[in-house]
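What follows is one structure encoded as structure tokens, with my remarks underneath.
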Amino acid sequence: MTDSEERPTDEITDTLERISKSPTSYVAYTVMIARLEPINRSEDKISLLIKILEQADKEGVSYIFRFNGEAIVLLIQQSQTEGMAKALTKIRALFPNDPAVKPEANAPFINVYYLTTEMDTFKKEIARICSVITGRENAEGRLIDAKRTDAEAVVPLSSDNLYAVIDVVNMIAVSDAIKRQPVIAVIDGHHTGVVFHEFFTSSVALGKKMMPNINLLADKWLFRALTETLDIKLLDAIQNSHNPVSPARISVNLNLSTLASKDFDIFNFSMKSKGITIIAEVQPLDVFHNPELYAEMKQMLHRSGHKILLDALTADTLDFLDINLLAPDLIKIFWTEKLNEPAATASVKRFTEAKNSIHTILARCDSENALRWGAAQGIIFYQGNFIDTMLAATIKYNCSLSNCTIAECISRYSSFAGPLRDKCIYKNVLDNPPVWNGSL
């Protein structure tokens, strides 16, 4: 697909002149970007829209023209109209709550022109678009109330839009939405270094960046289907990153089905070649539904020298699941104030005092109280916002030339890629925190 940007008046005039000799071969579309709500006219959204159109043109024989935020104009060969119709359906699904996309809209979001009979009408529309851009006409086609709140535009993830969302995720780079969070060892009240980093795709960051009008977490079962796509994107981003990994251990929260995939085989080979140990974090519900696959994947990981971690445990799930039978290498218990209750404390203590080789991590630690409670149960590994602050303070101490705040250091440290990470000018310090010298 040939692509011209900004205000390609000469280019489209020349193209129309050439195709006018056989207009039956082409259909024209105008996608009226200016009629969308402001929240839907971001550069990221428009870039994604264009990528959808480009992928629909499998033979690369059509034309796309961008008119400076006002409209996107397409000249499509007849042989491509079926694929383009599907692409336009996906584009409408990107803006499910936008008035401009509704069938009852006063002016249509997408217009079609059959050039055999409507060439003159189409040329007049192009002239009108150009005059709007130059200010010679008022933008009468704009139907948007810029004061409409974001909340009014948000719709839940549903069976109606799930596959459109998955298509979007498949086409975008998720690196900017990937976060890393350290697990550190704390002994006698002092942290002794990073044990490993967890890498995960932030659904909040992903939603804000590419799909602010869809609540990705509205339905946990549908979101689970989406995570299978996100898993693959996460693995691909990590293995293609040039960021240093210190210590040489990483954890990734994955579906069991992802661990059984060819994509994970490729990721496994890549990490082994770099001397990096993988800690695969899996969810109790996934294990409960497929214990046989869990056992198979644990064996696979161990054969490759990697570890498996049972994530998101509570005092209740410790009593419900037979952790010793599942025998993960690590477990992660989520901190809440409820753990202070005697019954909950007893459940955790029974496990941590048992003679087994399973390492326990207390996650979601948001205060010093969590560390004190964990220490009382014999726990030495911790993760959470309070831990991030402890580590950032150490990094800042070692980065004497920097004048950033603790909060800025945390945001830059947690960013896998993108503008936040780029703001750090001392990445050699950022990417080389103190490392715990023990073994897992």
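Computed from the coordinates by the stated procedures, all read-outs in this text should not be read as laboratory data. Model, not experiment: these values are computed from the prediction. Cβ atoms come from the backbone with ideal geometry, glycine included; neighbour counts cover every protein chain shown.
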Handout entry: Those residues of the stretch 151-208 which are acidic (Asp, Glu) and closer than 17 Å to ARG92 by Cβ, in sequence order
Key = ASP160, ASP167
Exercise for the section: Name every residue in the stretch 233-258 that is surrounded by fewer than 18 Cβ atoms within 10 Å (Cβ to Cβ) and either acidic (Asp, Glu) or farther than 16 Å from THR277 by Cβ (or both), in order of residue number. Expected result: ASP236, ASN240, SER241, HIS242, ASN243, SER257
Handout entry: the stretch 288-347: number of residues that are hydroxyl-bearing (Ser, Thr, Tyr) and surrounded by 17 or more Cβ atoms within 10 Å (Cβ to Cβ)
Key = 4
Practice task
Go over the candidates LYS233, LYS179 one by one and state the one that is in a strand (DSSP E or B) and at negative phi.
Solution key: LYS179
Completion exercise
The lone condition VAL429 fails out of (1) over 26 Å from LEU235 (Cα atoms); (2) in contact with a Cys (Cβ under 9 Å, 6 or more places away or on another chain) is (1)
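Tell me which residues, restricted to the stretch 385-413, are in contact with a helix residue (DSSP H, G or I) (Cβ under 7 Å, 6 or more places away or on another chain) and assigned to a loop (DSSP other than H, G, I, E, B).
Result: CYS399, SER402.
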Handout entry: Positions within the stretch 250-292 being more than 14 Å from ILE238 (Cα to Cα) and basic (Lys, Arg), in sequence order
Key = LYS262
Completion exercise
Those residues of the stretch 374-430 which are of a type in the set (Lys, Arg) and closer than 21 Å to GLY193 by Cβ amount to LYS396, ARG412, LYS427
